[in-house]
Each structure stands twice: as structure tokens, then as C-alpha cells.
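Below is one structure, written out as C-alpha cells, with a few remarks after it.
Quick note: the coordinates plus some simple rules give every number you see, no bench work behind them. Not measured: the values here are computed from a predicted model. When we count neighbours, we look across all protein chains shown, and the Cβ atoms used for this are built from the backbone with ideal geometry, even at glycine.
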Amino acid sequence: MATRALLAVVTASPPRMIQIKASTFSSSLKFQRHITTIGRCFSSDTNPSVLQPPDVSRLAETARISLTPSEIEECGAKIRQVIDWFGQLQQVDVSSVEPAIRAEMEGGNLREDAPETFENRESIRASIPRFDEVYLKVPKVLNKE
Amino acid sequence: MPSTAASRILEHYRPPFDATAVKKIKEMGGIVVGKTNMDEFGMGSTTEASAFQVTANPWDLTRVPGGSSGGSAAAVAARQCMVSLGSDTGGSVRQPASFCGVVGLKPTYGRVSRFGLMAYASSLDVIGCFGSTVADAGMLLHAVSGYDRFDSTSSKQDVPEFDTQFLSMDSFESKPLKGVRVGLIRETLEEGVDSGVRSATQEAASHLEALGCVVTEVSLPSFSLGLPAYYVIASSESSSNLSRYDGVRYGNQVMADELNKLYECSRGQGFGGEVKMRILMGTYALSAGYYDAYYKRAQQVRTLIRKDFKAALDHNDILISPAAPSAAYKIGEKKDDPLAMYAGDIMTVNVNLAGLPAIVLPCGLVEGGPSGLPVGLQMIGAAFDEEKLLKVGHIFEQTLKGSGFVPPTLPNVA
């Protein structure tokens, strides 16, 4: 099983920036990470704003997923662990490297934007949980503001 | 036929159309026997994240079949069907093939239409093929390949005759793979890989040499970055792709007095833990102010990985590596430790990031289970070069001494 060594230095004043040192694959299965505080931890081409650790409740609201309090705790711990691990990408020198949206792009394989009637509309209707004539029924929308 | 993606949110869903790959199979007279189990929405490496049941590995019923397409691999291993389809986003066809001792074929991104494949990570997903032999997997690939106007990422490249090139062993020359340049990826044999897997891979390399290949070691310097880059990209894209499961137009709906509550409850109750986790990680990585640090960076790492593969494949016909750092785990072994679970994908994710084709075929057994546990050799090819992978794979398989890879749980199967 993986073992992890974790050092956290807490400063008095927020915001706290953390840097994760990447380990090579051979030790990454043991997931030893050394966490230290530094003033600035991003390479020059990223926004020098603070990366706050994930606020799971707020993320759940954004993603429209309800979580029970125990889920927030359990899920939260795992998410923070994984996001910390993502931090090793900050170490990589990506100056003047183009981002790749996907592997190969043949480009322009778009079909004509002409509507076609789907022949099995009944089957689509059958899947709709609440349906009334031509409408999908949903509860009212409350304006939060 | 019901299609649930192994999720409660689609528990009773019946799709109104067939995926292009399935349509092609039916048009050619293929008989669709049924649907198989998987990790929910493709998120997992053991099939334990299915909302419905856990699938057992036919080689040892206390172990996992791998994932996420574990059910499809196990079904072929157990000879419940001749061939099966799965999807491979980060190794989900190749790793279960290795764990179950069957052939798993991941085509080049764009080779097979994704129309009708429930999207997990759109820049990485491909439909893959399982078979008990390379020839069977190749025939299935041929049936499902080809340009599709309903998938704008599907390629117009010609589909070679994958299904007719499988010569019988009698017609092999003494060195049937003479001159084939094989690169063994150095970073895949380092510490952290089971010794049994390392020796099986080295024996496979020797077997290829005996067949006439020239095997050298190659290095892919960006190799270890693939795993975090993959998980950033996959979680991010999945957070977008799974937003369609809102309980309004299909799937299980949890009624509420307000629309946002309906979304939250339908999704909160319909999605399993791993799915929720990945959606939330993706939501974080794509948030304003974080996009550059995570998603864009991961895309840049993808470029580095592509370049490394291209450089290696300029000097080699194929690259080889183990398919996974170990053989099948016990059920429950990795369930609570996400990073340990993700670590098992190290051999496979880079291939998805680069969009290349790869095949996994059983090459040996390691200790464990009633009769040993299979391990697979992964062969990676240049883009759209499935033909070469199938040729090398077929010859390798046919000349490998041994009784073939049949699980001990099957009585008297040839």
C-alpha cells in the first residue's frame, strides 16, 4: 500500500501557498511528498494568484450535486489529497509549449448544420420522467438573488 | 436493451438509438448477446465502482477483473462470448485485458466513431475490442472502424483489411518478424513494478528477439507526468460531460420543490462516490483562476508526451511495456485509496494522451490465484498503424509456447 510523508508548515497570515515537489515514477508509488511554504510557487507564465485549496461545499453547489455532511468530509479529504498530487504539474517547464486540445486534429470534419427529424421520437419521450403534451415538466426556478 | 453506464442515475434508461459501432456490428450479422458490468461512467480501474455489482476475475474469483471495462474482459475470458466491446480513456480496455488474460485492443483516437459512446473525457475516449485471440480482436476492430459523419472527431483515414492478414503458423518463416524495431520503454521497468511483471515483460522481449525483432531500450522523459496530467484532463472533461445527467430528460429523477434542488438531489443520489469526486475535482480544475494552473498545464504536458512518443516511434516500429505494474488485485484492496488506485494506470494513460493505438496480449503468468494470474504485454504503435500491431501481436501469440490462456474456472474449454 502507498505510504505518504507529509510536512506542512503553517504561516500566520493567509493566503498560504504550497509547492509540491514532484517525485519520479519509481518513488511515486510510495507517494512521498515534501510540502514546504514559499513565497511564489508558479512558473512565470501562470497567473500569480493564490490557488486556494478546494472548498468542497462550494464545488458541490457549482456542480449541482448534493452531498451529505459525512460525504463532504470523506470526499473532501480524498479530493484535497488528489489536488495536492496534481500540484506536481506546476514543476514542469512548459514555457513556449502549445497546449494540445487532443491528440491529432484532422480539422474541419463538420457536417452541414441542417436539421433532420429523428425517426424514433416516441422512444425519447418514453425516457422523460415527467412529460405533459409537448412539455418536460420541472419544478419552479427560485431566483436566489 | 438497457444502458446504464453502471450508474443508478440511468438505472432504467433505454436508449432510443444504437451507437454507430453497435449498428455496424448488427449490420454485419453480429449477435449482440448482452451488456456487461463496468466502473460507473468509466471511472475506475477495478469494476468495483459499479452501482450494481462487483465482477469477479475468472482466474481467481476473489480478485478484480480490472476496469473500467472489467465486465467485457471477464466475459471473453470466461468464454461467455467470442468478442466484446469496451471503452478506453486511460487504459480501461488494456488493463482488464491484462488482468483477465485476454487480448485488448485500443485503436487510434478517431479510428472508431464515438457516436453513441456515453462520453467520459471526449479528448481521450475510444471504443476498444476484446477477444481471446489477436485475430478475433482485429476482426471486431475492422467491423467497427471507419469515418462517421455523426462524430466530428472520427477520421477519414482508410481502414486497412485488419481482418484478413492473419496467416496461419505453418506459413511463418523462421524469423517472421525480421527487422522489426521494438523499443522497450525504460521507465516502465523501474522500481514499483512487480518483479513477476518485469520478468514476464523481459521474457516477452526475448521472445520478440527470437522472432527476428531488434529490441532496444528507449526513454520517454515525460513519462511520469502522464498520470497527473491524465487525471486533470479526464476529471475536467468529465465534469462537463456528466452535466447532462440532471434528471430532467432521462434517467432517475428525485423530485424537489425547486429546480436546482431537483438537479442536486437527482445527481447526489444517482451518482456514486468516485463519480462525484471526479466531477468535483474537474469543477475545481476548470474554475476561473485555476484553469491555467491545471487544465491548460495538463494540455501542455500532453504536447510534451506526444513529442516523446513521436520521437521514439520515428526510430521504432512499435514500443512495448507491461500493461500494468501488477497482476489483478484482491477485491477491496485499493478501494479506499484513490492515489493507489490511480497509480495502477501508469502504463496506459500516456497512450490515450498521445491518441495512439495499442494492443495488450497475455504474455505470461505470475504467482497468485489457483493457477497463477495472467499479465499482459502492451504494444504501442504509431497513429493509425493498427495493422502493424495486429501483425506483430498475432505472430507473437501464435509462437508463444504454452497451453494458451484459459482460466482454471472453466471446465474443458479448448
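Key figures for this structure:
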quantity	calculated
Too-long pairs where the Cα-Cα distance tops 20 Å, listed order kept, from B:K106/B:K156; B:K276/B:K335; A:K137/B:K261; B:K330/B:K401; A:K78/B:K335	B:K330/B:K401
Nearest-20 debye value, the protein assembly as shown charge dipole, Cβ charges on Lys, Arg, Asp, Glu	740 debye
Percent of alpha-carbon pairs separated by more than 29 Å within the range B:1-155	8 percent
Charge context of B:H315, other residues only, Cβ under 13 angstrom, K/R +1, D/E -1	-2
Span from the the range B:129-145 Cα centroid across to the the range B:229-295 one, whole angstrom	34 Å
Cα pair count fraction exceeding 38 Å, expressed as % - the protein assembly as shown	28 percent
Under Karplus coefficients 6.51, -1.76 and 1.60, residue-wise ³J(HN,Hα) of the range B:261-278 in Hz, glycine/proline x	5, 4, 4, 4, 6, 4, 6, x, 8, x, 8, x, x, 5, 4, 4, 4, 5
Net charge over other residues, Cβ less than 10 angstrom from the Cβ of B:F52 (K, R count +1; D, E count -1)	-1
Spherically averaged projected area in nm², based on the convex hull that wraps the Cα atoms of the range B:191-345	13.0 nm²
Charge-dipole axis of the range B:8-399 as Lys and Arg at +1 and Asp and Glu at -1 on Cβ define it, positive-most pick from B:S243, B:Q95, B:P322	B:S243
Square roots of 5 times each gyration tensor eigenvalue, C-alpha, the range B:8-399, largest first, Å	33, 23, 21
For B:E274, net neighbour charge (Lys/Arg +1, Asp/Glu -1) across residues whose Cβ lies under 10 Å away	+1
Residue order, fewest to most beta carbons within 10 Å, for B:S240, A:S95	A:S95, B:S240
Listed residues B:A383, B:A358, B:A323, most fluctuating in chain B (Gaussian network, C-alpha, under 10 Å)	B:A383
Neighbour-count order for B:R278, B:R244, B:R114, fewest beta carbons within 10 angstrom listed first	B:R244, B:R114, B:R278
Given charges at beta-carbon only (K, R positive; D, E negative), |dipole| of chain B in Debye	580 debye
Karplus (6.51, -1.76, 1.60) ³J(HN,Hα), θ = phi - 60°, over the range B:201-214, in Hz, Gly and Pro reported as x	5, 5, 5, 4, 5, 5, 4, 5, 5, 4, 7, x, 6, 9
